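Data first, discussion second: the structure below is written as structure tokens.
Please treat every number below as a calculation from the coordinates, not as lab data. If you're wondering where the values come from, they're calculated on a predicted model, not measured in any experiment. Cβ coordinates were reconstructed from backbone atoms using ideal geometry, including for glycine residues, and neighbour counts include every protein chain displayed.
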């Protein structure tokens, strides 16, 4: 009887050791499979080495939420634009679209809450040429502030601006009513 119990004990230990080894091998295989399959890493944002290059980190975000207008390097550039009223911008830019970037041109727009036709802004920042343009719609008037000349807009942005100009009645002498929308 002792021999039978001893034999069962040895067989149990042998089977148990093999099972533990088998589990360890399977864990090793799973680990090496995980290592073999690259993890999907979120696309890293490459910040261009230009003065306003940091703006690429704002894509999909809202300028006021991210306090963009409080960033010294950006605020100073806006304040230095000839005849641009920076304080009016801060007061009237409270309904906005997220920042978008096409062909290294950053775009964002905002307007006076519940009254876009009275005061609306479209920003275009050309990262390649370090240039800012601001289109300021006021009722059926448009004022363009340029830092270093006009930015050639990517086709999608150009089309959007033509629609906004048309909606605002820019160039229309028959009415003074604006239907500007973000």
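Sorted from longest to shortest, the spans of the Cα atoms of the range 49-182 along the three principal axes equal 47, 30, 28 Å. Among 67, 91, sorting on how many other beta-carbon atoms sit within 10 Å of each Cβ, with the fewest leading, yields 67, 91. Label sites at residue 114 and residue 129, each approximated as a point 7 angstrom past Cα along Cα to Cβ, lie 4.0 nm apart.
Using a simple spin-label model with pseudo-atoms 7 Å out from Cα toward Cβ, residue 79 and residue 94 lie 2.3 nm apart.
Applying 1/(1 + (r/R0)^6) with r as the Cβ-Cβ distance of residue 87 and residue 143 and R0 = 25 angstrom yields a FRET efficiency of 0.95.
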